[in-house]
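The values are calculated or read from the model by the stated rules, or taken from the named source; none is laboratory data. Since the structure is predicted, the reported quantities are computational estimates derived from the model, not experimental observations. Ideal geometry is used to build each Cβ from the backbone, glycine not excepted, and the neighbour counts take in all protein chains shown.
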Amino acid sequence: MIKLLLCLCLFVSVLSGSTRQRDLSDVEHHSDAEIHDLNYDHKAFLGKEEAERYSELTPEESKNRLRILVENKVDRNKDGKVTKSELADWIKQVSKKWMMDERDRVWNDYNPQNKSHLNFNLYSDINYGENIEQRYQGDELKRVLKEREMDRQKWQLADDNKDGLLDIEEFFAYIRPEEVPRMKPFLVDEMLDRADKNHDSYIDIEEYTDELYTREPNIVRNKDPQPEWIKFELEHFSIHRDTNNDKRMDRKEIGEWILPTNYDGIESEVHHLMAHADKNKDDELSIEEIIEQSDLFAGSQATNYGLTLKNKDEL
Ligand SMILES: [Ca+2]
Ligand SMILES: [Ca+2]
Ligand SMILES: [Ca+2]
Ligand SMILES: [Ca+2]
C-alpha cells in the first residue's frame with residue numbers, strides 16, 4: 001500500500017508541475033536545449049514506452065527498426081514518401097495511444113475494485129490516506145487540506161454529468177485537464193492560486209515575472225543575469241499576454257497564456273521535424289531522409305551516450 005501511495009504521489013506531483021501545456025510528450029520542449037528536444041521528439045514520434053525500447057538499441061538496430069516502422073505504419077499509402085499529413089496522423093495516433101495508456105494505468109491504480117465509476121472520497125483516501133486530520137498536523141495539514149480542496153474543484157469540473165462520480169472518460173479530464181476544453185477554468189484557478197500573490201484575481205507583470213522565474217530554479221532573480229527567454233517574455237508582455245492593455249492579465253488572458261487557442265502541438269511538431277529532416281525541401285520526407293536523421297526520430301545507445309555526457313556537464 002505504501003508503495004502504491006508513493007507511486008501515486010509521484011504521479012500527482014508530476015501532474016501538478018509548473019507548466020500546463022497540451023503536450024505530445026511528457027518532456028518539455030525547450031528551443032534552447034537540444035537534448036530535451038530530442039527526448040521530446042522521440043516520445044512524440046514513438047510514444048513513451050517505444051522510445052525507451054529504442055534507447056536500448058545499437059544505432060544500427062535503431063535505424064533498422066525505424067525503417068520498418070516508417071515503411072509499415074507511418075507511410076500509409078506505401079509510396080515511399082511521408083507527407084506532412086501522414087506524419088501528423090501518425091503523431092496524433094501515437095500521442096492518443098500514450099495518453100490512453102496513461103489514463104488506463106492511473107485509473108487502475110485508483111480503482112483496485114475495478115468499479116465503473118470512482119467517487120471523490122475513495123480517490124482522496126488512496127491519494128492522501130484515510131483520516132487526514134489525524135495523519136497530518138499544523139502547516140502540513142493545512143497544505144494537504146488545501147490541495148484536496150483544489151482536487152475537489154477539479155473533480156467537480158471533470159464530472160460532466162454532475163452525478164458526483166467519474167467514469168473513465170471523465171477521469172481523463174481530471175488527470176489531463178489541459179486536453180479537455182471544459183477544464184480550462186480550473187487551470188486558470190490553479191494558476192491564479194499560485195501566481196496571484198496580492199489576491200486581486202489578476203496577474204500583473206511583477207507576479208508574471210515571479211512565475212516565470214519559478215521555471216528557472218537555479219537562477220536568482222535580481223542577482224543572476226536574466227535568461228533570454230524571460231527577457232523576451234517580459235518585453236512582449238503587452239503584445240502577447242496583456243492584450244487589452246490594462247497592464248495585467250485577467251482570467252481570459254491567463255487562459256490564453258496557459259492554453260493558447262491557436263496552438264496546435266501536432267502541427268508544430270510536424271513543422272519542427274520537417275524543418276530538420278526535409279533536406280531537398282519538397283515538403284515530403286523520403287524514407288532515406290528519415291533514416292539520415294534517425295537521431296531526431298528515435299534514440300539509440302548512441303543518443304543515450306550523448307544524454308549521459310550532457311547530464312554530466314549539467315552537474
Ligand atoms: Ca506516403
Ligand atoms: Ca459523472
Ligand atoms: Ca494579482
Ligand atoms: Ca489585460
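Considering only residues in the range 142-173 that are within 14 Å of residue 107 (Cα to Cα) and either more than 23 Å from the chain's Cα centre (by Cα) or not hydrophobic (A, V, I, L, M, F, W, C) (or both), the one that is surrounded by the most Cβ atoms within 10 Å (Cβ to Cβ) turns out to be 170.
For residues that are free of Cβ contacts under 8 Å to residues at least 24 places away in the same chain and either within 16 Å of ligand 1 (Cβ to nearest atom) or of a type in the set (A, V, I, L, M, F, W, C) (or both), tally how many sit in the range 224-256. The qualifying residues number 3. Does any residue of the range 175-182 turn out to be over 25 Å from residue 108 (Cβ atoms) and either under 22 Å from the mean Cα position of the chain (by Cα) or not aliphatic (A, V, I, L, M) (or both)? Among the residues of the range 175-182, at least one is over 25 Å from residue 108 (Cβ atoms) and either under 22 Å from the mean Cα position of the chain (by Cα) or not aliphatic (A, V, I, L, M) (or both), which makes the answer yes. Whether any residue in the range 96-115 is free of Cβ contacts under 8 Å to residues at least 60 places away in the same chain, crowded, with 17+ Cβ neighbours inside 10 Å, farther than 30 Å from residue 174 by Cβ and out of contact with any strand residue (DSSP E or B) (no Cβ under 6 Å at 6 or more places or on another chain) is what I want to check. Checked the range 96-115: no residue is free of Cβ contacts under 8 Å to residues at least 60 places away in the same chain, crowded, with 17+ Cβ neighbours inside 10 Å, farther than 30 Å from residue 174 by Cβ and out of contact with any strand residue (DSSP E or B) (no Cβ under 6 Å at 6 or more places or on another chain). Residue 71 meets each of the listed conditions (1) at pLDDT 95 or above; (2) of a type outside the set (A, V, I, L, M, F, W, C); (3) under 14 Å from residue 46 (Cβ atoms) apart from (3).
Is it the case that the range 258-279 has a residue that's closer than 29 Å to residue 204 by Cβ and among the β-branched types (Val, Ile, Thr)? Looking for residues that are closer than 29 Å to residue 204 by Cβ and among the β-branched types (Val, Ile, Thr), one finds at least one in the range 258-279, hence yes. Just one of the numbered conditions (1) in contact (Cβ under 8 Å) with a residue 60 or more places away in the chain; (2) more than 16 Å from ligand 4 (Cβ to nearest atom); (3) in a helix (DSSP H, G or I) is not true of residue 156: (1). When we screen 221, 215, 182 for residues that are in contact (Cβ under 8 Å) with a residue 24 or more places away in the chain, in a loop (DSSP other than H, G, I, E, B) and away from ligand 4 (no atom under 16 Å from the Cβ), the only hit is 215. Once the range 241-273 is narrowed to residues that are at pLDDT below 95 and aliphatic (A, V, I, L, M), the residue that is nearest to ligand 3 (Cβ to nearest atom) is 258.
So in the range 75-86, with the set limited to residues that are touching a residue at least 40 places away in the same chain (Cβ under 8 Å) and not basic (Lys, Arg), which one is farthest from ligand 2 (Cβ to nearest atom)? Among those residues, the one meeting the criterion is 80.
The residues of the range 162-181 include none that are of a type in the set (Val, Ile, Thr) and in contact with a His (Cβ under 6 Å, 6 or more places away or on another chain).
Against the numbered list (1) of a type outside the set (Lys, Arg); (2) out of contact with any Leu (no Cβ under 6 Å at 6 or more places or on another chain); (3) modelled with pLDDT of 95 or more, residue 177 comes up short only at (2). No other residue among 57, 118 is among the aliphatic types (A, V, I, L, M), under 30 Å from residue 165 (Cα atoms) and away from ligand 1 (no atom under 16 Å from the Cβ) apart from 118. Exactly one residue out of 210, 246 is exposed (fewer than 13 other Cβ atoms within 10 Å of the Cβ) and more than 21 Å from the chain's Cα centre (by Cα): that is 246.
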